[in-house]
Structures are given as C-alpha cells and as structure tokens.
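Each remark here refers to the structure printed beneath this line.
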Amino acid sequence: MIDNNFIEFSYHPKMSKRKGDLSKDPEAKAAHRSRMTTVQWCLSGCRYYWGLGNDHDSIRAFRCFHRASGQGDLVAEKFLSKIFVYGHGTQKDLHQAIKYYRKAARDEQKELTQKFFRALSNKDIVIDDMY
C-alpha cells in the first residue's frame, strides 16, 4: 500500500510542506531536483502518469521517466518503452520504444547475471545442486 503523505514529502519534485513552496524560488527548485535519485524520479513519473496525488500529466510523467532512465533506472526504461508505443506525453515512436525495451532487457540481463554470480560465490551453494 502506498502512503501518499510520505511520497508527497519525500519524492514530489514541486513542493514539500516542511520546506515551503519551491515553485516560488527557482534556485531552491533546481537544487531540490538535482538531489533527486533515480527512484525518486521514477516515483514522480508514476504519480503523474496515474494521477496519484496530482493531476494526470503525461508530459511530466514522460520527463520524469526520461530523467530516471538517463540515470540507468530499469523500471523507467520499461515505462518509456510503453509511453513511446502508445504516445502518452510524446509522439508515438516505435523505434524509440524498441530502443528502450532492448535497453531495459539488456540492463535486466546484467542484473540477473550479477545476482547469479553473487549466488555462486556464496559457499553454501553447490553447483551440482542447481541441475
């Protein structure tokens, strides 16, 4: 279950009740955005895409997912591939959709390979037991 109050304070790029209204101070807004992590950008994209706590805004969702994808977020890459297929917040572009889908699949494969080798390095696992 999503705690919208927590996400509003922690991840919403526009404003935080404790820090004041960032939309009035462009420098504070830029500094806040520069500190956001890939997960925060991806969560902001989800909030805009589905209208969780905000109005539905496909263009802002696209921008958030694009920023997170640029920082290597696997989930954002998957969302971008779907956004380009359906043209939500941007023009339909199947070439871009395929590009992001392949990038997500490649990154997912790397992650799975790393998990596999970490598991193999664990002394409790015997390779013969895997077959």
Query raised in the report: Within the stretch 74-99, can you find the residues that are in contact (Cβ under 8 Å) with a residue 24 or more places away in the chain and open to solvent by 20 Å² or more (accessible area, probe 1.4 Å)?
Result: L74, V75, K78, F79, H88, G89, T90
Query raised in the report: Among the listed residues R47, R60, which satisfies the condition of being touching a residue at least 40 places away in the same chain (Cβ under 8 Å) and touching a Gly at 6+ places or on another chain (Cβ under 9 Å)?
Result: R47
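Inspect all residues belonging to the stretch 12-34 and state whether any of them is at pLDDT 80 or above and either surrounded by 14 or more Cβ atoms within 10 Å (Cβ to Cβ) or in contact with a Pro (Cβ under 9 Å, 6 or more places away or on another chain) (or both). Quick ask: steps written out before the conclusion?
Restricting attention to the stretch 12-34, the residues satisfying the condition of being at pLDDT 80 or above are none.
No, the stretch 12-34 has no match at all.
The values are calculated or read from the model by the stated rules, or taken from the named source; none is laboratory data. Computed from a predicted structure; not experimentally measured. Note that each Cβ is placed from the backbone with ideal geometry, even for glycine, and that neighbours are counted across all protein chains shown. For the accessible areas, the whole protein counts, side chains as well, though only heavy atoms, and no ligand, DNA or RNA atoms are used. Shrake-Rupley method; radii C 1.70, N 1.55, O 1.52, S 1.80 Å.
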